[in-house]
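Novice: Below is a structure I'd like to ask you about.
Quick note: the coordinates plus some simple rules give every number you see, no bench work behind them. The structure presented is a predicted model; accordingly, all values stated were derived computationally and were not measured. Here the Cβ is made from the backbone with ideal geometry for all residues, glycine too, and neighbour counts use every protein chain on show.
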Amino acid sequence: MSLNDLLVNLNLIMPITILTAWACVLLLVDLFIPKERKGITALLAALGLLVALALVISRAGVATSAFNGMIMIDGFATFMSVIFLFSGLAGIAVAYDYLIRSGIERGEYYVLLLFSIVGMMLMAAAADLIMVFLALELLSIPLYVLAGIAVPRPDSEEAALKYFLLGAFASGFFLYGTALVYGATGSTALTEIVSATTSGGVNLSFLVIGAGLILVGLGFKVAVVPFHMWTPDVYQGAPSSVTAFMAVGAKAAGFAALLRIFVLAFPPLAMDLTPVLWALAAFTMIIGNVIAIAQRNIKRMLAYSSIAHAGYIMMALVPYGQGNVAADTVASALFYLLAYMLTSFAAWAVVIALEHNMGEGRDTDGLSLEDYSGLGQKQPALAAAMTVAMLSFIGIPPTLGFVGKFYLLRTVIEGGFPGLALIGLLTSLVSAYYYLRVVVYMYMRDGEPVVRREPWLYFTALATAVGVVVLSIFSEPLFNWASQAVLKLI
Amino acid sequence: MLLEYLPIAVLLILALLLAGIVIALGHMFGPRHPTERKSMPYESGMRPIGPGTRRMPVHFYLVAVLFILFDIEVMFFLPWAVIYKKLGVFGLVEMLIFIAILGVGYVYVWKMGALEWE
Amino acid sequence: MWLSEAVSSGPQFFYLVPLVVLFPVIGLLVNTAFGGRMSEKAIGWLASAAAGLSFVVAVLLGISLLSYPEGAVVPIVDWITIGELNINWGFQVDTLSVTMMLVVAGVGTLIHIYSIGYMHDDVRFQGDPGRYQRFFVFMNLFIAMMMILVSADNYLMLFVGWEGVGLCSYLLIGFWYDKGENGIGNAVAGKKAFIANRIGDFGFILAAFIMFWVFGTFEFNAVFELAPEVASLFPAAIVAITLLMLVGVTGKSAQIPLFVWLPDAMAGPTPVSALIHAATMVTAGVYLITRSAALYNLVPQVQNIVALVGAATALFAATIAVGQFDIKKVLAYSTISQLGFMVAAVGMGAYVAGMFHLVTHAFFKALLFLSAGSVILGLEHAHHHMEHNSQLKLPMDENDLHFDPQDMRNMGGLRNRMKISFWVYLIGAIALTGIPPLAGFWSKDEILTDAANFNPLAYWMMLAAAFLTAFYMGRQILMVWFGKPRSLPAEHANESPPIITVPLIILAALAATGGALNLPMWHTFTHWLEDSLGHLHAAEFSLQIAGLSSFLVLAAIFLAWLLYGRKYQAMQELPPDKRPDDPLRPILGPVFNALNHKWWVDELYWTIIINPYVSLAHFLADVVDWRFWHDWFHDTVIVGGYNKLTQVLSIQIDLGVIDAVANKLGDSVKRAAAKWRVIETGYVRNYALSFFIGVVLILGYLILR
């Protein structure tokens, strides 16, 4: 490695390089921005994200590897990066006014957001288990901090600590799995793992257990049952804007790593891992959806909803080892992540708009179902956005959620798992109960909801809701784009 | 492969059994005459004063964490210095980047007032 | 001068061939659109001109064929293209089709002209002059359809014409649909013709299906080219096609067993009987077999069947003709009989003889029908005149009030009142009976000669039929024209106007000289058709057969004269109640009754087919459909069952099971949710435990699997 190589490689991952440098600079710049004008930091952070987004899009179609095969820049990484960068932008948009009114406006918020996004983008591009781990930590640690950024609010601190402890626990499993895989194959590079496996002479038991542990570690990040327990507490306790970003970004990053590792490195282990994935997906869908019914707090409800959706996306991973379906696995999972991102932000933006009165110690105000009574009359636009989000979560046309679920189920059925598809379908029906309950409250109960009129929040809620509907009508090119993001060994 | 671990398993079970048996025997045959003194936490024979865990000013932790952070990062200099000549200009630039990132953290910490006592 | 140029002009007249269809179509369109504002004469002449122009085109085609005898196929448009089925509407111009065109257009034109006069009177007798226009529209439509039939270059297009002429036949038989027995007799006759033809058409369609299945095409030339190959590979297909075509022929050409519709078809106006039901349409079957000669030649056993069907029909119909009193019915059965001759001829492979007889028969049978029409018109005129004339009305008896102008028993002695009609009728009758040198002799003789050579059984049957033909024609001539008038209208009948008699005279001339087409010495017609049908054997004139048939004919006429010339006249002196209506009745007794009742064929069909069919239909309609399906099944099972089912569904199932299950399920899910919710204790240690249990389960599975 020479200096020249370094520059070439840094250039290859230019969006990440720029974002990293920008985050470092912003950290220092923020120190000199007065406390009441943190909007500048938000603006600068968004600017950095936009530059990175432009770079990513301008480089779409490039497929290469960097840093001695540690990083793969390909269609998959591009697609995921777009999702992450959009999540970052939306995360900033929903956070700005919310942070001011909650009295927790801090420049670090945006800087940590940028670091976390760098971690996510690295995660999607990582082609080496060590790199994956590095990215995992890089995205997680800022999130731990962000979850507790509302300090000294006790629930925020509690959320941060729980997230950190369990996240460290999970990281340990991931690292142990990596070690076992390395022990079995002699490498942590995905390409070499698969070539070592197929050429034989590998201790398959170690390899399988290593793969299982990696699955556990990443399963924690995406919150699949039984590694989901932290989710409701953290989602509820963390500031809502952090939760919104975390629910989308962390989950998408976790799935990016799962997809890349499993589809690239572990197809030979499909026989062993498929039943595990099957069970994880099934339990996640069932438990996530069933417990969500009992929730009266909207943030907890959405937390369980996000668990359930992790189960749906997990479904796509189940047939990952079948060569003819693998491409669909990736494409339908990516497409669903996109749908999930837009839908989630629509829902969370409405939730944030209704949340209020943070100063009195308790944070439940504006977060129970009853607080949504009458929203249909008072704020038809927000209610409509929320309705669209709920319908999309259920999977009712014309929403992206429907199209995404359709592709997911198609993949699962093509892969030969009709039973799992049936579970997915039935749990979707169950989920209609608690999603539609929100709609019922909004339109059929009278009430005086307290709503903040904040332009960026409104913009996010409406833009994503419109996107959910409009893109569902033009979903074909979107899906084609996702289909091009196939994972290949370079 | 499980077979290879059989001795360990046997050892584990034997140890657990032995410990359990010894405790059970003591429990069964040992005389028990509990008094207030005996029920107290054992503190080297002294009567315990105050709660078992004592509060410390959080600044101690903060300084300790910052110390460990920078300490460990500075430790990277050592192997780098050993093969510095081999790495050449590339190594120098790498280390400069590393130091720059450290510097950012240092400036941030300083500016945030983490290093000020009170 | 120009004729010689035209003769040498080669094939370019062939491209005029669409006009043979186009002219009648124009005629009918103009008459349909503007006929209401045109005079009767204009309508009639326009229609006649349309037919006449067709004839001119046909003549031009014939002239072209003289110098270019192999003919041509003139495609017009792609008609149907479905998959590999590709059907052109094309015109086959060869000697065979042009022969048919000439006959159809030539005889047709004469009949159109005749109709101008005839229908003028007929619509007035029937009391609805408005239908004059409609008549000529139908007639032109018929000419157009017949032209499509004979000019088609494929079986499907031929079938279009085949169905089209059937439609025209139906329309024209029922032309006076509100007249006849009980006011619906004519309509019933039309229906009968249509249904009998449908049965035949069904056979034709099946033949076409099989043809497409094995040949993949409907084109004449392609089919005939492939036929020998197919016959060697798959002989059953050819047998099936030809037999099913024969079914079609028995319908259209009134052969056993589907001939029953033709006598009833006489309900149509007389020109219709002449044109459609004697000269042209009914010969379509003969044309079809001749056209398909290449197929029939491959299956001698089917040819044999065709010949026997034809010969049997010839004999059977001739016997019935003996016992009829209706002047047109006699001619109708005669037509069936003569069609039998033609079918027998083409069945024996004597295509030239069959076609020859077809042409001559078109002449003399059209002539006979039209003359008969003239007679009927004369009697109607006289009767009508008397009804409105109190002086003449008085002597009319009961019989005269219900006067039937077609009953030969009401005629007699007409030769003095209607001289021209008498002479042309006589010529037609002589031509039909086959007395040399008139047309019928030559054509019939050729058929008999061929039969004697190839099929003795058919030969004897046809010889007997020829004898009977002479007998019933003698009987008719004597009953109609000779003796004394047997009714008042017969006494006062007058000759028809020239518009009627001129076509008769032309047809009489053709009937007298038509035999010259194919005199045994020259075989002109044989060589003409050879260009279409390949090499044909020409039956050599046999003096023995000609002599035998001529002797039989003369003997039959003599016999007829004995019975109807002498005995019948003598019987007229007897008082009406002791007088038999026919001198044959005392001689033949019940046999004559059978003849008079057409061997009860209609009654037989009623008994064995139609009555059971109607009973079955009644059973299906009243018992099965109405009482079973409607009353019982629909009301009881469906409606009642549905009511019960919905009650069960709504009360027991929906409320009892589904609602209960749904409620229970909802409750239990909620309870489960509430219970599982407790797992969320909020303690990190419990979360880690759950995490750990998950890890243990997964690893346990992966290790122990």
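Novice: Could you state the angle between the C-alpha long axis of helix C:327-347 and the longest principal axis of the C-alpha atoms of chain C, as a value from 0 to 90 degrees rounded to the nearest 10?
Specialist: Its long axis makes an angle of about 70 degrees.
Novice: Post the alpha-carbon centroid distance, the range B:55-117 to the range B:1-31, in whole angstrom.
Specialist: Each part's Cα centre sits 48 Å from the other's.
Novice: Still on this structure, I have one more. Work out the length of the dipole vector of chain A about its Cα centre, built from +1 on the beta-carbon of each Lys and Arg and -1 on the beta-carbon of each Asp and Glu, and round it to the nearest 20 debye.
Specialist: Values: 23 positive and 27 negative charges, 80 e Å.
With Lys and Arg at +1 and Asp and Glu at -1, about 380 debye.
Novice: Related question: Count charges around residue A:171 for me, please; just the other residues with Cβ under 12 Å from its Cβ, Lys/Arg as +1, Asp/Glu as -1.
Specialist: Numbers: positive: A:221; negative: A:137.
Every neighbour counted, the sum reads 0.
Novice: I'd like the orientation of helix B:84-112 relative to chain B: the angle between its Cα long axis and the longest Cα principal axis, in ° from 0 to 90, rounded to 10.
Specialist: That helix lies at roughly 70 degrees to the long axis.
Novice: Next question. Counting other beta carbons within 10 Å of each residue's own, what order do C:567, C:365, C:664 fall into, fewest first? All intermediate terms of the calculation are to be shown ahead of the outcome.
Specialist: Details: C:567 14, C:365 29, C:664 10.
Arranged by neighbour count, lowest to highest, C:567, C:365, C:664 become C:664, C:567, C:365.
Novice: Rounded, prolate or oblate: which fits the range C:602-704, taking a ≥ b ≥ c as square roots of the Cα gyration tensor eigenvalues, rounded meaning a/c under 1.5, else prolate when a/b beats b/c?
Specialist: Oblate.
Novice: At q = 0.29 Å⁻¹, what log₁₀ I(q)/I(0) does the range C:653-705 have when each alpha carbon counts as one equal point scatterer in the Debye sum?
Specialist: Those come out to -0.98, one per q.
Novice: A further question on this structure: Work out the FRET efficiency for residue C:635 and residue C:681 from their Cβ-Cβ distance, taking R0 = 51 Å, and round it to the nearest 0.05.
Specialist: The calculated FRET efficiency here is 0.15.
Novice: A further question on this structure: Using the Cα gyration tensor of chain B, with a ≥ b ≥ c the square roots of its eigenvalues, what is the shape: rounded (a/c below 1.5), prolate (a/b larger than b/c) or oblate (neither)? Numbers along the way, then the final one.
Specialist: Numbers: a/c = 5.15, a/b = 1.64, b/c = 3.13.
It comes out oblate by the Cα gyration axes.
Novice: If amide hydrogens are placed 1.01 Å from N in the peptide plane, which non-local residues have theirs closer than 5 Å to the one on residue C:152?
Specialist: Hits under the 5 Å cutoff: C:92.
Novice: Pairs to check: C:192/C:444; C:484/C:578; C:252/C:328; A:35/B:111. Give those whose C-alpha atoms are more than 23 Å from each other in this structure. All intermediate terms of the calculation are to be shown ahead of the outcome.
Specialist: Numbers: C:192/C:444 30 Å; C:484/C:578 19 Å; C:252/C:328 19 Å; A:35/B:111 14 Å.
Result: C:192/C:444 exceed 23 Å.
Novice: Projected onto the charge dipole of the range C:602-704 (+1 at Lys/Arg Cβ, -1 at Asp/Glu Cβ, origin at the Cα centre), which of C:632, C:649, C:662 gives the Cα projection farthest towards the positive end?
Specialist: Looking along the dipole axis, the top candidate is C:662.
Novice: So what's the angle, to the nearest 10 degrees on a 0 to 90 scale, between helix A:14-31 and the longest Cα principal axis of chain A?
Specialist: 40 degrees
Novice: Here's another thing I want to ask about it. Can you put C:351, C:170 in order of Cβ neighbours within 10 angstrom, beginning with the fewest? Write down the numbers at each step before the final one.
Specialist: Values: C:351 28, C:170 23.
Final ranking by Cβ density, sparse to dense: C:170, C:351.
Novice: Any idea which of C:227, C:621, C:137 is furthest toward the positive side of the dipole for chain C, if Lys and Arg beta-carbons carry +1 and Asp and Glu beta-carbons -1?
Specialist: The listed residue farthest towards the positive side: C:621.
Novice: Tell me, C:128, C:445 in order of fewest to most beta-carbon neighbours within 10 Å? Present the calculation step by step, with values, prior to reporting the outcome.
Specialist: Working: C:128 14, C:445 24.
Fewest-to-most Cβ neighbours within 10 Å comes out as C:128, C:445.
Novice: Next question, about the same structure. Taking amide H positions as placed in the peptide plane 1.01 Å from N, state which residues far from residue C:76 in sequence (5 or more) or on other chains have amide H under 5 Å from it.
Specialist: C:89, C:90, C:91
Novice: Now for a different question. When the Karplus curve 6.51 cos²θ - 1.76 cosθ + 1.60 is applied with θ = phi - 60°, which whole-Hz ³J(HN,Hα) does each residue of the range C:246-259 get, with x for Gly and Pro?
Specialist: 4, 4, x, 5, 5, x, 6, 9, 6, 9, 4, x, 9, 6
Novice: Where a ≥ b ≥ c are the square roots of the eigenvalues of the C-alpha gyration tensor, would you call the range B:58-112 rounded, which needs a/c under 1.5, or, failing that, prolate if a/b is larger than b/c, or oblate?
Specialist: Details: a/c = 6.48, a/b = 2.03, b/c = 3.19.
Oblate, because a/c is 1.5 or more while a/b does not exceed b/c.
Novice: Okay, moving on. Using just the Cα positions, wrap the protein assembly as shown in a convex hull and report its mean projected area in square nanometres, one decimal place.
Specialist: Values: hull surface 342.8 nm².
Mean projected area for the protein assembly as shown: 85.7 nm², to one decimal.
Novice: Calculate the all-directions average of the projected area of the range C:299-596's alpha-carbon convex hull, and give it in nm². Write down the numbers at each step before the final one.
Specialist: Values: hull surface 64.7 nm².
Over every viewing direction, the Cα hull of the range C:299-596 projects on average to 16.2 nm².
Novice: On to the next question. Report, in whole Å, the centroid distance computed from the Cα atoms of the range A:1-76 and the range A:386-454.
Specialist: Each part reduced to its Cα centre gives a spacing of 35 Å.
Novice: Can you give the net charge of the other residues whose Cβ lies under 12 Å from the Cβ of residue C:124, counting K and R as +1 and D and E as -1? Could the numbers behind the result be given before it?
Specialist: Working: positive: C:131; negative: C:40, C:121, C:122, C:128, C:380.
My count for the surroundings of residue C:124 gives -4.
Novice: Need one number for the range A:186-243: average projected area of the convex hull over its C-alpha atoms, nm². Working shown, then result.
Specialist: On the way: hull surface 21.7 nm².
About 5.4 nm², averaged over all directions.
Novice: Rounded to the nearest 500 deg cm²/dmol, what is the calculated helix-only ellipticity per residue at 222 nm for the protein assembly as shown, with -39500 (n - 2.57) per DSSP H run of length n ≥ 4?
Specialist: Numbers: 58 runs with 933 residues, N = 1313.
For the protein assembly as shown, the value works out to -23500 deg cm²/dmol.
Novice: Further, regarding this structure: Tally Lys and Arg at +1 and Asp and Glu at -1 over the other residues with C-beta under 13 Å from the C-beta of residue A:443: what net charge comes out?
Specialist: +2
Novice: To continue, here is another question. What is the Rg over Rh value, at two decimals, for chain C, using alpha-carbon atoms and the Kirkwood definition of Rh? Could you put the intermediate results ahead of the total?
Specialist: Details: Rg = 35.0 Å, Rh = 28.5 Å.
That ratio equals 1.23.
Novice: Calculate log10 I(q)/I(0) of the range A:67-182 for q = 0.22, 0.24 Å⁻¹, where I(q) comes from the Debye formula with a single equal point scatterer on each Cα and nothing for solvent.
Specialist: Reported log10 I(q)/I(0), two decimals: -1.22, -1.31.
Novice: Spelling out what I want: for every residue of the range C:89-106, take phi, set θ = phi - 60°, compute 6.51 cos²θ - 1.76 cosθ + 1.60 (Karplus), and round to whole Hz; glycine and proline get x.
Specialist: Each residue's phi maps through the Karplus curve to give 8, x, 10, 8, 10, 8, 4, 5, 5, 5, 4, 5, 4, 4, 4, 4, 6, x Hz.
Novice: A further question follows. Could you tell me which residue out of A:421, A:271, A:285 lies farthest along the dipole of chain A toward its positive end? Charges go on the beta carbon: Lys and Arg +1, Asp and Glu -1, centred on the Cα centre.
Specialist: Checking the options against the dipole of chain A, the answer is A:421.
Novice: Can you check how the C-alpha radius of gyration of chain A compares to 2.2 N^0.38 Å, as a plain ratio? Could the numbers behind the result be given before it?
Specialist: Working: Rg = 21.3 Å, N = 490, 2.2 N^0.38 = 23.2 Å.
Compactness ratio reported: 0.92.
Novice: Contact order normalised by length for chain A, with contacts defined as Cα pairs under 8 Å and 6 or more residues apart; what percent is it? Walk me through the numbers on the way to the answer.
Specialist: Numbers: 877 pairs, mean separation 75.2, N = 490.
Computed over chain A, the figure is 15 percent.
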